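Sharing a structure, written as structure tokens. Questions coming.
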Amino acid sequence: MIGTMPVRITVREAGVSDSPDDLAILDAGERTRAGRKREAAPFVTGHALVRRVLGELLDRDPAALEFARRCATCGSDQHGKPSLVDAPGWHFSLSYTGAGAIVAVARGVEVGVDIEDLTDADVEGFARTTLAADEVAGFGSLDGHDLLVARARVWARKEAVLKATGRGLVVDPSEVLVSGPGEPARLVDWRADEPRPAQISLADVDVTTDDHQAAVAALTDEQLVVEPA
């Protein structure tokens with residue numbers, strides 16, 4: 001049941017660029033990881049965006065922020081959802097494509113955000129790899145651009161839920177059922193073996209990046225209010 005005090009999620013997006021200012025505020029580990037990417041610009045833009053938004057919200061130097069990782073499934077600190085060191089209660093999530101990056105920040109609740117490029121949803125096996133059998137009917141009357149928008153919207157919702165829980169790719173997206181593309185965003189069912197989140201709220205995010213859809217989720221039963229950073 002939705003409560004009376006909405007949870008405010010700070011969201012900011014940015015177009016991918018090759019800005020040297022972005023690279024300059026990353027730490028050595030991030031620069032090393034960027035160097036391993038075939039295309040470094042999306043990674044650099046996204047991680048610099050995280051630093052800038054958190055730096056503004058916490059009134060800290062973006063370049064001085066430190067991050068740690070912890071896998072929700074195996075407990076490893078070598079991978080998994082990142083967290084901010086020495087800032088208890090602050091949670092964030094990052095997603096990016098080749099053209100755009102988006103970050104969501106919340107205080108007091110775990111958060112997950114995802115952005116999807118419509119062109120990435122233009123694949124023949126989309127329904128098989130992403131949808132549950134009983135979700136497929138919701139796409140039956142759509143085609144062309146409308147179909148890609150619907151696919152990207154639902155895909156972003158599923159990924160946002162998985163990021164909020166910290167499960168990521170451990171859970172098959174087809175086991176996470178969300179509302180249809182023409183309905184308000186919500187989690188409908190959880191059919192994975194991994195434990196279902198006790199509470200979760202979901203919202204679509206309006207983005208300015210052309211041909212993209214985005215969504216944000218948080219581990220709360222309260223309504224989400226998305227605010228620009």
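Considering the range 89-109 alone, what residues qualify as being open to solvent by 50 Å² or more (accessible area, probe 1.4 Å) and assigned to a loop (DSSP other than H, G, I, E, B)?
GLY98, GLY108
Go through the range 162-190 residue by residue and tally those that are in contact with a helix residue (DSSP H, G or I) (Cβ under 6 Å, 6 or more places away or on another chain) and farther than 25 Å from VAL149 by Cβ.
Going through the range 162-190 one residue at a time, the tally reaches 0.
Counting only residues that are at pLDDT 95 or above and open to solvent by less than 50 Å² (accessible area, probe 1.4 Å), which one in the range 128-138 is nearest to GLY180 (Cα to Cα)?
If we take residues in the range 128-138 being at pLDDT 95 or above and open to solvent by less than 50 Å² (accessible area, probe 1.4 Å), then GLU135 is nearest to GLY180 (Cα to Cα).
Among the listed residues ASP114, ASP77, ASP86, ASP21, which satisfies the condition of being at pLDDT 95 or above, open to solvent by 70 Å² or more (accessible area, probe 1.4 Å) and either more than 25 Å from VAL171 (Cα to Cα) or not in a helix (DSSP H, G or I) (or both)?
Checking each option against the conditions leaves just ASP21.
I need a count of the residues in the range 150-170 that are open to solvent by 10 Å² or more (accessible area, probe 1.4 Å), on the phi < 0 side of the Ramachandran plot and not charged (D, E, K, R).
Total satisfying the criteria: 4.
Quickly run through the range 190-229 and pick out the residues that are more than 24 Å from ARG107 (Cβ to Cβ) and touching a residue at least 24 places away in the same chain (Cβ under 8 Å).
Result: ARG191, ALA192, GLU194, THR208, THR209, ASP210, ASP211, HIS212, GLN213.
If you scan the range 208-217, which residues turn out to be modelled with pLDDT under 95 and either among the aliphatic types (A, V, I, L, M) or open to solvent by less than 30 Å² (accessible area, probe 1.4 Å) (or both)?
If the condition is that a residue be modelled with pLDDT under 95 and either among the aliphatic types (A, V, I, L, M) or open to solvent by less than 30 Å² (accessible area, probe 1.4 Å) (or both), then THR209 is the only one that fits.
Which condition breaks for SER141 when tested against (1) at pLDDT below 95; (2) of a type outside the set (Asp, Glu); (3) farther than 28 Å from ASP211 by Cβ?
(3)
Got at least one residue in the range 164-176 being under 19 Å from the mean Cα position of the chain (by Cα) and of a type in the set (Lys, Arg)?
yes
For the range 104-130, name all the residues that are touching a helix residue (DSSP H, G or I) at 6+ places or on another chain (Cβ under 8 Å), closer than 10 Å to ALA217 by Cβ and of a type in the set (Gly, Ala, Ser).
The one that is touching a helix residue (DSSP H, G or I) at 6+ places or on another chain (Cβ under 8 Å), closer than 10 Å to ALA217 by Cβ and of a type in the set (Gly, Ala, Ser): GLY112.
Right, next: Quick check on my filter: what residues within the range 192-206 are surrounded by fewer than 17 Cβ atoms within 10 Å (Cβ to Cβ) and farther than 15 Å from LEU177 by Cα?
Those that are surrounded by fewer than 17 Cβ atoms within 10 Å (Cβ to Cβ) and farther than 15 Å from LEU177 by Cα: ALA198, ASP206.
Of these, ALA41, ALA28, which one is open to solvent by 30 Å² or more (accessible area, probe 1.4 Å), at pLDDT 95 or above, more than 22 Å from ALA160 (Cβ to Cβ) and not acidic (Asp, Glu)?
Just a single option satisfies the conditions, and that option is ALA28.
Given the condition of a type in the set (A, V, I, L, M), touching a strand residue (DSSP E or B) at 6+ places or on another chain (Cβ under 6 Å), open to solvent by 30 Å² or more (accessible area, probe 1.4 Å) and modelled with pLDDT of 95 or more, answer yes or no: does some residue in the range 171-182 qualify?
no
The values are calculated or read from the model by the stated rules, or taken from the named source; none is laboratory data. Quick caveat, the model's predicted, so the values are computed rather than measured. Reconstructed Cβ throughout: ideal geometry from the backbone, glycine too, with neighbour counts over all protein chains shown. For the accessible areas, the whole protein counts, side chains as well, though only heavy atoms, and no ligand, DNA or RNA atoms are used. Shrake-Rupley method; radii C 1.70, N 1.55, O 1.52, S 1.80 Å.
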